[in-house]
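This report concerns only the one structure given below.
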Amino acid sequence: MSTATTQPFELPRVPALSRVTIDRSEALRQDPQALRAAWPTARVIVLDKRGRTPVRMDDGELALRPATEIAPEPPEDAAFLGRAPEGDYWAVLDVPEPDGETIEVPGRFGVPVTHIVADGERWVGLREFGDELDDTGAGLFTTALALRSWYRRARHCVRCGAPTKVISVGWASRCTGCGREEYPRTDPAVICLVHDDVGVNGERVLLARGAGWPEGSRSVLAGFVEAGESLEACVVREIREEVGVTVRDVRYLGSQPWPFPRSIMLGFAARADRDAPLTLAEGEIEAARWFTREEVRAAFARAYEPRANGDGGLRLPGNSSIARLMLEAWAAAEP
């Protein structure tokens with residue numbers, strides 16, 4: 001196909017953790033009477049102290065709890081997630097871990113993580129299971145984990161140091177000393193797929209291995225937005241700092257919440273000269289090189305083989321990550 005008709009690649013679908021179906025109903029956060037009245041028909045997602053939630057073994061759907069099994073009315077530390085035609089949704093966080101069988105499943109880049117199986121349920125993490133949930137389940141789990149991550153880092157006031165108290169059914173905190181209010185934070189980060197200058201979508205993609213990642217692991221480049229910086233300027237700066245390459249033609253692809261602990265990943269594509277020397281950021285990037293489309297496609301194919309996570313080949317990000325979706329889109333595109 002000629003470059004005259006080739007189109008720049010785009011994300012083929014909504015990223016796994018960007019899916020949402022319920023109305024967050026912000027006004028209801030200030031209406032405790034209405035929330036109490038709807039509590040008997042509400043459903044609750046529970047997270048344990050490691051941020052895992054139960055899914056049913058038979059169908060893999062979230063094992064939501066009827067609200068009345070949790071308490072007669074909304075607990076003080078519960079978080080209201082939103083309203084849907086079938087009822088309200090809440091989250092209860094840091095529940096005790098269940099007693100059950102411990103199993104290991106592939107996590108980030110194939111590194112094993114622990115799940116617990118008990119009472120017909122499996123307690124899973126969002127990173128390794130988020131893409132397997134339906135739209136409602138993915139949105140609920142992502143929001144609940146994001147709130148949990150914020151709570152764990154907002155226990156003391158940044159102004160006076162006094163303990164804080166969660167208010168507004170989980171969506172704000174108030175200092176018990178000076179009365180200062182704070183709201184859940186989200187830190188913007190850019191993530192960029194850099195390809196070469198051949199054609200519209202390039203023939204090779206620049207992938208790197210971060211410090212401490214397993215051997216063979218590679219992903220696109222990413223970094224946090226600094227104060228007073230635009231997203232596009234951040235893309236240029238981060239890639240130059242991490243691998244010494246100057247990019248151009250920066251374009252937006254899509255975004256995804258990433259509550260590990262409290263980021264939103266803003267996805268971009270950009271072009272660079274693949275003959276430019278790579279200079280790796282010491283202590284941050286351990287390896288980087290240009291990969292062909294065939295190499296990336298082969299890595300995706302190996303993901304379905306039993307030894308994919310231990311064969312020493314190229315390991316790419318998991319299905320819950322926008323990085324994976326960006327690479328899938330690029331690999332499927334014409335140069």
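A few comments on the model shown:
- Sequentially through region 86-93, phi angles give Karplus couplings (6.51, -1.76, 1.60; θ = phi - 60°) of 7, x, 7, 10, 10, 10, 10, 10 Hz, Gly and Pro residues having no value and appearing as x.
- Cα gyration tensor shape for region 1-80, rounded if a/c is under 1.5, else prolate or oblate: prolate
- The chain: calculated mean residue ellipticity at 222 nm from DSSP helix runs of at least 4, using -39500 (n - 2.57): -6000 deg cm²/dmol
- Ordering 37, 51, 115 by Cα displacement along the dipole of region 1-154 toward the positive end leaves 51 in first place; charges were set at the Cβ atoms of Lys, Arg (+1) and Asp, Glu (-1).
- In terms of its alpha-carbon gyration tensor, region 176-231 comes out oblate; a/c meets the 1.5 threshold, while b/c is at least as large as a/b.
- Taking the centroid of alpha carbons for each part, region 94-137 and region 221-239 are 33 Å apart.
- Rounded to 5, the percent of DSSP beta bridges in the chain classed as antiparallel: 75 percent
- Simple Cβ-charge dipole of the chain, Lys/Arg +1 and Asp/Glu -1, about Cα centre, in debye nearest 20: 720 debye
- Residues 26, 182 in ascending order of nearby Cβ atoms (within 10 Å, fewest first): 26, 182.
Values in this text are rule-based calculations from the coordinates and carry no lab data. All values reported here derive from a predicted model rather than from experimental measurement. Ideal geometry is used to build each Cβ from the backbone, glycine not excepted, and the neighbour counts take in all protein chains shown.
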